[in-house]
C-alpha cells in the first residue's frame with residue numbers, strides 16, 4: 001500500500017469506484033503530464049446528500065461537506081485514470097469550484113475549503129493548489145457544488 | 001483531403017471562417033502541445049439563432065443546437081490556428097460549458113451533449129473529453145451557451 | 001530593470017505585494033511551462049473599490065476598472081511566483097473572467113477588456129490571450145469581477 005492509500009486509510013476516506021464513462025465525455029483525460037478531471041458532483045452511493053442553492057436550500061455546512069465529497073470523487077476518478085496509483089500525482093494544480101447559490105451569498109471560498117482542505121489532508125504540501133471559486137445560478141441535477149480538477153502526474 | 005475534413009464532409013458540417021482576432025484577446029493560443037480556444041458563442045453567419053436563458057427564452061432543444069454550433073465554431077478556430085489542418089489534433093482534452101439558464105434548471109449536461117456528441121462524431125475515440133457544465137445567470141450578447149475548448153495538438 | 005518592469009513603470013502601474021498563501025490553496029502553481037494563477041479579486045490596499053453586481057450596484061465603468069485591477073493583482077502573483085522576474089513570461093495564455101451581474105446584462109466582454117487590455121499594454125504581442133467571459137450570480141466577498149490566469153513561462 002503506497003503512502004497516499006495509507007493516508008486515505010488513516011483519514012477514514014474510502015474512495016468509491018470511479019464513475020463509468022458516459023456518452024461522449026469521459027471522467028478524465030491525460031495530456032502530457034496533466035490529468036484533467038471532469039466536473040464532479042457530490043454523489044455518494046449514487047445520490048446527492050443535498051440539493052438546491054446555498055444557503056436557502058443547502059446550508060453552508062452541508063455545502064462544505066458536498067465540496068469535500070466532490071474532492072473524494074475527483075480522487076476516485078484520478079486513481080482510476082492512473083492505473084490505481086494515486087502516488088503518480090506530483091501536484092494538485094488547480095480546482096475550479098462552482099457553488100450554486102443565491103445572489104448576495106459571498107462565502108464561496110468557505111464552501112470551496114471543503115475540497116481544498118481534503119487535498120492537503122491527503123497529499124500534504126503537494127496538495128496545495130491554485131483555485132477559482134465562483135457562485136452560479138444553477139448546476140446539473142440541482143447539485144449545490146461542482147468541482148473540476150487538474151493534476152500534474154508522472 | 002485528410003480524414004477529419006472528409007469526416008466533416010460526410011457529416012454535412014461546413015466550418016465557417018474563423019473569427020478575426022478582436023481587440024486584446026485572440027481566438028486561440030497554442031502553448032506546448034495544448035491549443036487553448038476562447039469561449040465560443042453559437043454564431044452562424046454572424047448571428048445567434050437563439051438568445052435568452054434556458055428554458056424560458058431558449059428551449060432545451062434550441063440550446064442543444066446552440067451548443068453544437070459552439071463546437072463547430074471552436075473547430076473553425078482550431079483549424080485556423082493549426083494552419084488549416086485539424087489532423088494535428090491528437091485529443092480533445094476538455095470542454096467548459098456555460099449554459100445561461102433560470103434557477104432550478106438542472107439539465108446542463110443534456111445541453112452540453114450538443115457539443116460533446118459533435119466532437120465524437122468528428123474525431124471518434126480521440127474526441128472523448130473531460131467536461132464541466134454549469135448554469136450561469138448571464139452570457140455575452142445574451143447567448144444561451146458559451147463553450148471553451150482545450151485540444152492536445154502536435 | 002528588465003523591459004517588463006520598465007513597461008510597468010512607464011504605464012504608472014505599481015504591482016502590490018503578492019498575497020500570502022492562505023489556508024489550503026495558494027496564489028499560483030507552476031506545472032511544466034504553465035503558471036496557473038488562482039482567481040483574483042480587485043483588492044487594492046486590502047479593500048475592494050466596488051462591490052455588488054453589474055450594472056445595478058457596480059457600474060460598467062467601475063467593473064472595467066475592477067477587471068484591470070484583477071489583472072494587476074494577477075501579475076503581482078505571477079511575479080512573486082517567478083522569483084520576481086516577469087520577463088520569464090513567454091505568453092499570456094488564457095484569462096477566465098467571471099462578472100457578477102444581473103440577468104439580462106450581456107456586456108461581459110466589455111468588462112473583461114479591462115483586464116485584457118492591461119495584458120497587452122504590459123506585454124505587447126505576447127500579451128494577447130484566449131479568454132472566456134461569463135456572467136455569474138454571486139462572487140466571493142461580493143466582488144464584481146473575478147479573473148484567473150494561465151501563463152506560459154520558462
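When the P(r) is computed for the stretch B:73-134, the part past 19 Å accounts for 36% of the Cα-Cα pairs. When both bridge partners sit in the protein assembly as shown, DSSP labels roughly 70% of those beta bridges antiparallel.
Antiparallel beta bridges, as assigned by DSSP with both residues in the stretch C:41-153, represent about 60 percent of the total such bridges. Placing a label point 7 Å from the Cα of residue B:20 along the Cα-to-Cβ direction, no residue of the stretch C:115-149 has a backbone N closer than 11 Å.
Peptide C:86-95 has a mean of 3 when you count, residue by residue, the C-beta atoms of other protein chains within 10 Å of its C-beta.
What order do you get for A:121, C:152 when you list them from fewest to most C-beta neighbours inside 10 Å?
In order of increasing Cβ crowding within 10 Å: A:121, C:152.
The mean sequence separation of alpha-carbon pairs under 8 Å and at least six residues apart, normalised by the residue count of chain B, gives a relative contact order of 34 percent. When C:69, B:91, A:7 are sorted by how many other C-beta atoms sit within 10 angstrom of their C-beta, beginning with the fewest, the order is A:7, B:91, C:69. Projected onto its three principal axes, the C-alpha set of the protein assembly as shown covers 57, 55, 42 Å, listed from the longest axis down. Going from the residue with the fewest nearby Cβ atoms within 10 Å to the one with the most, C:24, A:57 rank A:57, C:24.
Size descriptors for the stretch C:41-153: radius of gyration and Dmax over Cα atoms are 13.6, 43 Å. When only Cα pairs below 8 angstrom with a gap of at least 6 residues are kept, the stretch A:2-67 shows a relative contact order of 15 percent.
Throughout, read-outs are computed from the coordinates displayed, never taken from laboratory work. Just so we're clear, the structure is a prediction, and the values are computed from it rather than from any experiment. Ideal geometry is used to build each Cβ from the backbone, glycine not excepted, and the neighbour counts take in all protein chains shown.
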